[in-house]
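The values are calculated or read from the model by the stated rules, or taken from the named source; none is laboratory data. Given the structure is predicted, the values throughout are model-derived calculations rather than measurements. Here Cβ is always computed from backbone atoms with ideal geometry, including for glycine, and neighbour counts include all displayed protein chains.
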Amino acid sequence: MLSNLRSSKFYTLIYIFYFLNVFAGIFFSFGIPGNIKAYNNSSSSMAPTIKKGDLSIVKIRNNYNYKSGDIIVFFARNDDGKSSIITHRIIKLGGNVYITKGDNNPNGQEIVIPRLIIGKVLLIIPYLGSYFSFLKTVFGTIFIFGLFASIIIATELENIHFILNSEN
């Protein structure tokens, strides 16, 4: 039964999905050449443009020539003193700072100094941020790679069993 799976298109898709997960995990962790990195949106402050769990593809920039309307990713300090990564839209330029606001925040504005800006959002991929956040957990990593490994091992064991039985 599983040996039929090994010769099917589904098995090829399993390999493709596996390698896409490996590549995406590397991309999500380290970024890719050209200063592009992916970030998971962890709040609804930019809804409906960027929803919680969406993946933002960000061009890391060191030149600070952003304009009003650009969506940027930046570091901000929380009330507890810890730093977090926030995605907001620039609503106004104020001298040597940017005034930002989440599309879904009726009143809240953030003043962002240029050195805290990570980059500009190039692309938004719905729902994929939640998937990669799951993959980054220990359970997610074990589950995904364990699932692929067990499918491959099971088909190979059945193939070995079939070969041994056909020799008799």
note = If we ask which residues in segment 114-135 are closer than 22 Å to A76 by Cβ, in contact (Cβ under 8 Å) with a residue 60 or more places away in the chain and in a helix (DSSP H, G or I), their number turns out to be 4
inquiry  = Whether any residue in segment 24-36 is in contact with a strand residue (DSSP E or B) (Cβ under 6 Å, 6 or more places away or on another chain) and more than 18 Å from L122 (Cα to Cα) is what I want to check.
reply    = no
key: strands (runs of 3 or more DSSP E) (entirely within segment 61-113) containing at least 2 residues that are more than 21 Å from P48 (Cβ to Cβ) and in contact (Cβ under 8 Å) with a residue 24 or more places away in the chain   = 71-77, 83-94
message = Of the residues F145, F139, only one is of a type in the set (A, V, I, L, M, F, W, C), within 20 Å of Y18 (Cα to Cα), modelled with pLDDT of 90 or more and assigned to a helix (DSSP H, G or I); which?
response = F139
message = Can you go through S84, S150, S130, S166 and tell me which one is surrounded by 14 or more Cβ atoms within 10 Å (Cβ to Cβ) and among the polar types (S, T, N, Q)?
response = S130
ask   = Can you tell me which of Y18, Y39 is closer than 30 Å to N159 by Cβ and not in a loop (DSSP other than H, G, I, E, B)?
value = Y18
task = Out of I125, I113, I90, I99, report the one residue that is of a type in the set (A, V, I, L, M) and within 30 Å of N21 (Cβ to Cβ).
result = I125
